[in-house]
Amino acid sequence: MRFRLLGPLAVEGPGQHRLDGRRSRAVLAFLLLEANSLVRVEQIIDAVWGEAPPRTVRTQLHGQISAVRRWLRAVPDAQIVTHDSGYVLRTDPSQIDVKVFRRLARQGRGLTATGQPAAAAEAYRAGLGLHVGPPLGDIDAPFARAAAARLTEERLAVLADLIDLDLAAGRHHELIPRLSALVERHPWHEPLWCHLLVALDRAGRRGEAIARYHRVRLLLRRELGVEPGPELSRTYRSLLEAPPAAAVGTDLTLTLDRLAEAERMLGEIRQQLSRLGVDAATARPVVPTAPPVPQVSDGGAGHAEIAA
């Protein structure tokens, strides 16, 4: 991969130096996002200079394009082609991380739809691994904020799809710490909250899941003035209506533990009752057996002692 936008703008290659100039880097980043498509001059001006460009903006744009074109000469299979109305940056899509990420996301969803969760998870993880920081993290231009927000949402959507697969595979316990951290960083991304509620419920922590729902509901109302969306609301209703998902296994373990403890205590009680001379089965005192009466002969000293 040669061009990286899922983080600071970077171009990888032998002997490739950094492209200097804030506007030059912004022009290159914008053309890379629209690679292999014609981008009109007006689009580039709006994206890089904003709503109030200088009167000489077309001349400046021409200068920036020339600088980027010269810099790209050291990059194999990448060039800027001039058209009557704009420019096209031509390069292999597999050389741009954003294009590869989107391809892997489509591939993962296709694999999920055809019942291949392991392969889908592998595609999702490969795509998520391309993100090395905030997208377009060092690009200072009007288009960069909206583009970065869009790429972040795409990343979170793929992450949510991967978490779906992990939940289906029964990994709810290990997902809870990760999801808790994610909702702190992305509190407005409701699918992550849905996954956290489901993971908590499946781990036998339904009360905590319900409390988390009320927390995010209050957050949405206070900060955005909205109620939770349909998906989050449905997840909450399922918590209230469905039997506990993890209760059977958890309750069985607790029951067995309690039975073992009760058996141990009963053994101690039996030992104490035995020492006290009480029958553990009937709880009645044990009556000692009378000693045998000695047998006395008819004659002799024994007979005289009884007569006396």
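The values are calculated or read from the model by the stated rules, or taken from the named source; none is laboratory data. Every value quoted in this text rests on a predicted model; they were computed, and no experiment measured them. Here Cβ is always computed from backbone atoms with ideal geometry, including for glycine, and neighbour counts include all displayed protein chains. Note: accessible area is taken over every heavy atom of the protein model, side chains too, but ligands, DNA and RNA are not part of it. Shrake-Rupley method; radii C 1.70, N 1.55, O 1.52, S 1.80 Å.
Quick look at the numbers
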item	result
All-pairs Cα distance distribution in the range 131-212, expressed in whole percent, bin size 10 Å	17, 43, 24, 12, 3
Cβ-Cβ FRET estimate between THR114 and ALA52, R0 fixed at 45 Å, reported to 0.05	0.35
Debye log10 I(q)/I(0) for the range 1-82, one point scatterer per Cα, at q = 0.12, 0.22, 0.23, 0.27 Å⁻¹	-0.34, -1.13, -1.23, -1.62
Cα principal axis extents for the range 142-181, largest first, Å	43, 18, 6
Bins of 10 Å, starting at 0 and running to the largest distance - Cα pair percent for the range 61-150	14, 30, 35, 16, 5, 0
Modelled label reach - LEU219, point 7 Å along Cα→Cβ, the range 139-164 residues with backbone N closer than 17 Å	153, 156-157, 160
The range 1-119, accessible area per residue, ligands and nucleic acids excluded (1.4 Å, Å²)	53 Å²
Percent RCO, i.e. relative contact order, over the range 50-153, from Cα pairs under 8 Å lying at least 6 residues apart	15 percent
Relative contact order (%) - criterion: Cα under 8 Å, at least six apart; region: the range 150-236	25 percent
Within the range 26-94: Cβ-based charge dipole about Cα centre, in debye rounded to nearest 20 (Lys, Arg +1; Asp, Glu -1)	320 debye
Volume in Å³ per residue [convex hull over Cα atoms, computed for the range 104-252]	133 Å³
Farthest positive-ward along the range 47-146 dipole, Cα basis, beta-carbon charges - from ILE65, SER85, VAL100	SER85
